[in-house]
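Below is one structure, written out as structure tokens, with a few remarks after it.
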Amino acid sequence: MCGIVGYAGSQDALGILIGGLESLEYRGYDSAGVAVYDHGKFEVTRATGKLIELKKALASKHRTASAPVGIGHTRWATHGRPTETNAHPHTAGRVSLIHNGIIENYLPLRAMLEEKGCHFLSETDTEVAAHLLNTLLEDGMEPLAAMRAMCAQVKGSYAFLALDSKNPDRVLVAKNSTPIIIGRGEGENFIASDIPAILQHTRRIIVLEDGDLAQITAGTVYIENKGTEVARKEEVISWDPITAQKGGFKHFMLKEIYDQSRVIGDTLRGRISESDGSVKMPELEPLRAKAATLKRIVLVACGTAWHACLEGKFFLEEFAGIPCEVDYASEFRYRTGLIDSDTLVIAVSQSGETLDTLGALECAIGKGITLAVCNVVGASICRKADMVLYTHAGPEISVASTKAFTTQLVALQLLAIFLAEVRNSMSANARRNVLHAMLQLPAAIAQTLKVDSEVASVAKGFFQARDFLFLGRGRCYPIALEGALKLKEISYIHAEGYPAGEMKHGPIALIDEQMPVVMVLQRERPLFEKTVSNLKEVEARGARVIVVTDATDEDLKGIAAQAIVKIPFVAHETSPLLLNIPLQMLAYHVAVLNGTDVDLPRNLAKSVTVE
Ligand code: F6R
């Protein structure tokens with residue numbers, strides 16, 4: 001969603017702010033703005049559209065002096081249209097302020113402030129915070145006390161950064177339910193909504209907690225919570241700036257597809273003891289005592305992470321013998337979920353900041369046992385859950401999730417084996433076989449990536465289609481759903497994923513000569529034969545079929561399809577992950593051929609921090 005950057009130091013803040021906002025472009029935005037304190041007044045510049053428009057607006061101002069303190073923002077509209085007036089920073093008197101989140105009580109606050117004579121310019125919820133803070137400062141409060149009093153009146157989620165023209169050496173910060181980090185430098189300090197924004201400058205970060213207020217100057221970082229100074233742990237982030245770059249690929253998405261061989265290795269590293277068929281994950285130890293009596297698992301997530309949960313259900317039920325339910329986080333949080341102390345609730349999220357996933361997790365806290373499966377260290381869901389299983393995908397910049405998905409599959413599979421071992425629901429030999437197959441994944445992915453050019457030429461024959469159907473059965477059904485989601489989100493082509501066996505109950509009516517059908521065909525029996533029957537049914541109705549399969553040449557005799565993309569076979573348990581990769585590539589190449597903004601598809605945001 002919105003991106004936030006702040007700076008206090010001795011360099012020109014503008015360069016740092018723009019550079020930081022550029023590294024946050026992946027979060028999705030529709031306008032941007034910066035404020036610096038320059039020659040006794042705020043210099044606020046805002047523009048709609050991409051950062052290039054903001055840069056043009058800044059260039060037209062012909063600045064000569066540099067400003068050492070500033071704040072910058074990319075806005076993804078929630079309250080008020082994406083216009084320049086609604087873009088942040090919002091200025092009220094001596095205050096310039098940016099905000100990520102939603103102020104739920106902004107209407108009564110606005111009415112109260114208007115009554116006091118405040119004049120509002122925008123349609124946003126944020127502007128009330130700027131006016132409120134200004135009013136409190138003008139009443140004579142010290143900056144931090146004013147920030148504290150402002151936050152006490154605001155209901156909702158926020159990360160605020162504010163400048164006060166009477167205290168121009170500092171940036172004021174407040175956090176509630178919206179992520180914000182501080183980056184420590186030498187004689188300079190940074191603030192950001194996300195790590196890549198400051199990675200070029202420092203790897204030393206402090207993650208602020210809910211209720212924290214902070215005041216940052218070039219040389220100091222002061223943090224308090226409930227009016228008392230607090231010491232927050234400084235962490236050193238291992239991500240290097242190069243990891244966050246495109247690494248020579250045309251798009252982040254393609255780079256991230258290719259990253260998968262390495263990051264799956266990272267996710268597995270140190271966690272498998274093949275000889276005794278066990279997984280070593282100290283982070284799951286608190287689960288050991290409860291595992292034997294677990295009666296139920298509920299997995300909650302959104303979008304691609306939800307598809308990972310659907311796939312995870314197969315492993316968890318088959319290996320650990322525990323009944324699993326998979327729910328959309330946005331649905332679960334408003335239903336009676338009937339969670340009790342024998343239920344494990346797993347929230348799966350790349351960012352760890354998806355508001356619905358966080359909300360669903362919160363519903364389970366204090367009732368069941370909670371586990372976060374997450375990619376971002378210190379993210380909100382990680383701080384809320386009883387345990388965290390990190391996925392180690394590294395920064396995922398492209399809005400369309402690829403490597404986060406496959407690392408989630410691996411993490412859930414490791415969890416299933418951990419539970420299977422504790423519950424004795426799978427023999428050591430069977431566990432060893434699956435773990436052996438998992439250890440082969442990095443090499444198998446490297447082999448699978450070789451189908452890229454073949455998939456690129458398949459895409460040339462299909463990129464003009466207006467609709468696609470993705471079909472699969474069993475473990476390949478979630479893969480079909482994920483393939484369809486990937487295609488629709490980046491190419492804007494309507495695509496549906498369906499369990500192939502359900503097709504006769506409705507979707508078969510859609511099939512004609514215009515309709516490409518992507519059939520995810522796993523060699524595992526008996527579903528192989530069943531899926532082949534479904535393939536024949538769509539073929540008989542004229543569909544243009546693309547088969548993505550791990551089946552043998554022998555298996556595939558007699559299958560006539562317009563394209564057959566074959567990938568290496570390792571084991572039935574790891575095949576779905578590998579079969580997903582050509583589907584990621586298909587979506588990517590179709591989108592490139594259609595000329596869409598692959599890494600920043602329209603209307604989408606990387607991290608959905610609103611409902
Ligand atoms: C699709 C995609 C989204 C996310 C969803 C959840 O490619 O990226 O569907 O999977 O918004 O995001 P996280 O995993 O950050 O909770």
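The values are calculated or read from the model by the stated rules, or taken from the named source; none is laboratory data. A quick note: this is a predicted structure, and the numbers were derived from the prediction, not measured. All Cβ positions, glycine included, derive from the backbone under ideal geometry; neighbour counts span all protein chains shown. Accessible surface areas use protein heavy atoms only, side chains included; no ligands, DNA or RNA. Shrake-Rupley method; radii C 1.70, N 1.55, O 1.52, S 1.80 Å.
Miscellaneous remarks
- Some residue of region 204-220 being touching a strand residue (DSSP E or B) at 6+ places or on another chain (Cβ under 7 Å) and modelled with pLDDT under 90: no
- Region 328-350, subset buried (at least 24 other Cβ atoms within 10 Å of the Cβ) and within 26 Å of Ala159 (Cβ to Cβ), residue nearest to the chain's Cα centre (by Cα): Gln350
- Of all residues in region 398-421 being of a type in the set (Val, Ile, Thr) and open to solvent by less than 10 Å² (accessible area, probe 1.4 Å), the one that is farthest from the ligand (Cβ to nearest atom): Ile417
Residues are listed down the side, and each one gets a yes or a no for (1) open to solvent by 30 Å² or more (accessible area, probe 1.4 Å); (2) assigned by TED's automatic domain parsing to the domain that holds Gly595; (3) within 15 Å of the ligand (Cβ to nearest atom):
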position: Leu471; (1), (2), (3): no, yes, no
position: Leu487; (1), (2), (3): no, yes, yes
position: Ala495; (1), (2), (3): no, yes, yes
position: Glu502; (1), (2), (3): yes, yes, no
position: Val518; (1), (2), (3): no, yes, no
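- Pair list, Cβ < 7 Å and 6+ apart or interchain, from region 380-392 residues that are of a type in the set (D, E, K, R) to residues that are crowded, with 19+ Cβ neighbours inside 10 Å: Lys384/Leu358; Lys384/Leu361; Asp386/Ile369; Asp386/Thr370; Asp386/Leu371
- Asn167 touching a Pro at 6+ places or on another chain (Cβ under 9 Å) and open to solvent by 10 Å² or more (accessible area, probe 1.4 Å): yes
- Of all residues in region 351-396, those satisfying the criterion of being within 14 Å of the ligand (Cβ to nearest atom), open to solvent by less than 10 Å² (accessible area, probe 1.4 Å) and β-branched (Val, Ile, Thr) are Thr357, Val373, Ile381, Thr391.
- Odd one out for Lys450 among (1) open to solvent by 20 Å² or more (accessible area, probe 1.4 Å); (2) assigned to a helix (DSSP H, G or I); (3) away from the ligand (no atom under 12 Å from the Cβ); (4) touching a residue at least 12 places away in the same chain (Cβ under 8 Å): (4)
- Total residues in region 102-122, condition open to solvent by less than 10 Å² (accessible area, probe 1.4 Å) and of a type in the set (Gly, Ala, Ser): 1
- Residue satisfying all of: in region 560-585; out of contact with any Ser or Thr (no Cβ under 9 Å at 6 or more places or on another chain) and open to solvent by 10 Å² or more (accessible area, probe 1.4 Å); nearest to Glu454 (Cα to Cα) among these: Gln562
- Looking across region 123-158, the residues that are modelled with pLDDT under 95, buried (at least 18 other Cβ atoms within 10 Å of the Cβ) and in contact with a Gly (Cβ under 6 Å, 6 or more places away or on another chain) come down to Thr124, Ser157, Tyr158.
- Answer from Leu578, Leu556 - the residue that is away from the ligand (no atom under 16 Å from the Cβ), within 22 Å of the chain's Cα centre (by Cα) and of a type in the set (A, V, I, L, M): Leu578
- Scoring Trp306 on the criteria (1) assigned by TED's automatic domain parsing to the domain that holds Thr354; (2) more than 16 Å from the ligand (Cβ to nearest atom) leaves a single failure, condition (2).
- Considering region 240-344, the qualifying helices (runs of 4 or more DSSP H), each wholly inside and each with 3 or more residues that are over 30 Å from Met585 (Cβ atoms), run over 285-291.
- With a requirement of 3 or more residues that are closer than 30 Å to Ala400 by Cβ and in contact with a strand residue (DSSP E or B) (Cβ under 7 Å, 6 or more places away or on another chain), the strands (runs of 3 or more DSSP E) lying completely within region 26-138 that satisfy it span 31-38, 41-48, 69-75, 95-103.
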